[in-house]
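What follows is a short report on a single structure.
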């Protein structure tokens, strides 16, 4: 079966993907202003400081918004529809949001602000991907 | 003189038919549309010396110049994010080129075989690649590929924050289809749509339904821009750029995933100075051309360009009858728009805006003086106010 595309790590984003393979969310935290940022960036989005540290953050958050995808536009989606793509507001910082897929639930179970937690699932190429499930 | 206001005007318009399969090359589509626009303006090859293109357009400006026999190009440039961000932006590039005297008359065009896929891949089919790099590496591995899916996230958020409903999106689709049915050139001419049709159309990416999404089209469309001084000697009544703006920002750093909770976005940036530069208010706008890739994005533009307050678009729209020519007070996309006329990345909306301000539209708004025209939001965008001569 076709699969969703495999992520090709950007130069500078490798620690995030390595973290996934270790089962943790690892984000950049600015050494100057202490803000976490996402997507990975070569300089602080908030203060332009260059120094940062990759830090493991809690894999919990709430659903900021979502869509139930019913029309497969990619070969990898055939046989997977319907599936739920979510934007997660991570608990680690109020304005930190990432895109992922919600698993282990039916589309009609999804509600705004529902608490979620990360669960890792391997892409067929071996890279672990951070997916989320409802915290029940 | 600190803005583009009144320093450039559109003097020629041209387009091919809009179809599912043009049966000819994208280069031929571009040449046909541009040639028609030059004839409309009454300009010959020696009079036109610039080309502004969409980044995504496959046609090479110098190849177009060769085919059309343009002896000298003194300006060429392209608008990034075009695509949907390009329609007004290309006209603005052309306007800036003529306003500064760098060129005499500049073409802005879009031509593609997007529906047949003969040259341009179908956008609705998304990326079939098996790898995702750059910003897409944080989206596609989870199954988020297409523009429709990305804007669905923002649509859902808007519904949650403000109580917007699918029928408000539907009212926009119905208005565009209404106008397409008054336009024999529209792809959806002869195919009426009711709000019930919209509500029963299948889900694509909930809450986006099929009828919330624009068409896919083969075709070409072009306009010619020159200075007001030069325009006086030409065939057509000039349509002036009363104000124009481009907008983008760090909020757009995730492809078309949009942060609608933020106070500013690409549309608020593009729109910030428009009304002040034009010296008019929103009430002065006679006809609206809001880039209609997806209906929720049109609804958000009403708020973000200040036609109503944030969250109030649902009340502004109501049942949508205000958008319908001839009785509505604010007719929207009067030739059918990207949703129902044809999807030439908004260039066909600009052409219709020019017709309205010349007084030659099929759905002519009485005494139309000002048109508000936008490029697509959810990508870096552009917007302008066009003015016809009194």
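Condition (residue is outside the structural domain of residue A:116 (by TED's automatic domain parsing), surrounded by 15 or more Cβ atoms within 10 Å (Cβ to Cβ) and not in a loop (DSSP other than H, G, I, E, B)) applied to segment A:74-90: is it met by at least one residue? No: segment A:74-90 contains no residue that is outside the structural domain of residue A:116 (by TED's automatic domain parsing), surrounded by 15 or more Cβ atoms within 10 Å (Cβ to Cβ) and not in a loop (DSSP other than H, G, I, E, B).
The residues of segment B:125-153 that are at the interface with another protein chain (Cβ under 7 Å from one of its Cβ atoms) and part of a helix (DSSP H, G or I), listed by number, are B:125, B:134, B:135, B:137, B:138, B:140, B:141, B:142, B:149, B:152, B:153. Which of the residues spanning segment B:225-261 are modelled with pLDDT under 90 and surrounded by fewer than 16 Cβ atoms within 10 Å (Cβ to Cβ)? Listed by number, the residues that qualify are B:249, B:250, B:253.
So which of A:53, A:49 is part of a strand (DSSP E or B) and either away from chain B (no Cβ under 12 Å) or free of Cβ contacts under 8 Å to residues at least 12 places away in the same chain (or both)?
When all the criteria are applied, what remains is A:53.
Can residue B:203 be described as within 14 Å of chain A (Cβ to nearest Cβ), closer than 20 Å to residue A:108 by Cα, touching a residue at least 12 places away in the same chain (Cβ under 8 Å) and over 23 Å from the mean Cα position of the chain (by Cα)? Here the answer is no, as residue B:203 does not meet what is asked.
Quick one: which of B:278, B:267 is away from every other protein chain (no Cβ under 14 Å), more than 19 Å from the chain's Cα centre (by Cα), over 20 Å from residue B:361 (Cβ atoms) and surrounded by 23 or more Cβ atoms within 10 Å (Cβ to Cβ)? Working first, answer last.
Numbers: B:267 fails: more than 19 Å from the chain's Cα centre (by Cα).
Only one candidate passes the filter, namely B:278.
The condition of being within 13 Å of chain A (Cβ to nearest Cβ), surrounded by fewer than 17 Cβ atoms within 10 Å (Cβ to Cβ) and farther than 19 Å from residue B:290 by Cβ holds for only one of B:163, B:190, that being B:163.
If you go through segment A:23-42 and keep only what is loosely packed, with under 14 Cβ neighbours inside 10 Å and either within 14 Å of chain B (Cβ to nearest Cβ) or touching a residue at least 24 places away in the same chain (Cβ under 8 Å) (or both), you end up with A:23, A:42.
Conditions (1) within 24 Å of residue A:4 (Cα to Cα); (2) within 12 Å of chain B (Cβ to nearest Cβ), marked per residue:
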| residue | (1), (2) |
| --- | --- |
| A:65 | yes, yes |
| A:77 | yes, yes |
| A:80 | yes, yes |
| A:111 | no, yes |
| A:119 | yes, no |
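Suppose the filter is assigned to a loop (DSSP other than H, G, I, E, B), more than 14 Å from chain A (Cβ to nearest Cβ) and either modelled with pLDDT of 95 or more or within 22 Å of the chain's Cα centre (by Cα) (or both); does residue B:94 pass it? No; evaluated as a whole, the condition is false for this residue.
So for segment B:181-197 (the condition being under 27 Å from residue B:310 (Cβ atoms) and in contact with a strand residue (DSSP E or B) (Cβ under 7 Å, 6 or more places away or on another chain)), does at least one residue qualify? No, that holds for no residue.
For every residue, the table says whether it meets (1) over 14 Å from the mean Cα position of the chain (by Cα); (2) modelled with pLDDT of 95 or more; (3) farther than 17 Å from residue B:137 by Cβ.
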site: A:11; (1), (2), (3): yes, no, no
site: A:26; (1), (2), (3): no, yes, no
site: A:39; (1), (2), (3): no, no, no
site: A:55; (1), (2), (3): yes, yes, yes
site: A:58; (1), (2), (3): no, yes, yes
site: A:66; (1), (2), (3): no, yes, yes
site: A:75; (1), (2), (3): yes, no, yes
site: A:78; (1), (2), (3): yes, no, yes
site: A:90; (1), (2), (3): no, yes, yes
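The values are calculated or read from the model by the stated rules, or taken from the named source; none is laboratory data. Remember, predicted model here, so these are calculated numbers, not experimental data. Heads up, the Cβs are rebuilt from the backbone with ideal geometry, glycines too, and the neighbour counts pull from every protein chain shown.
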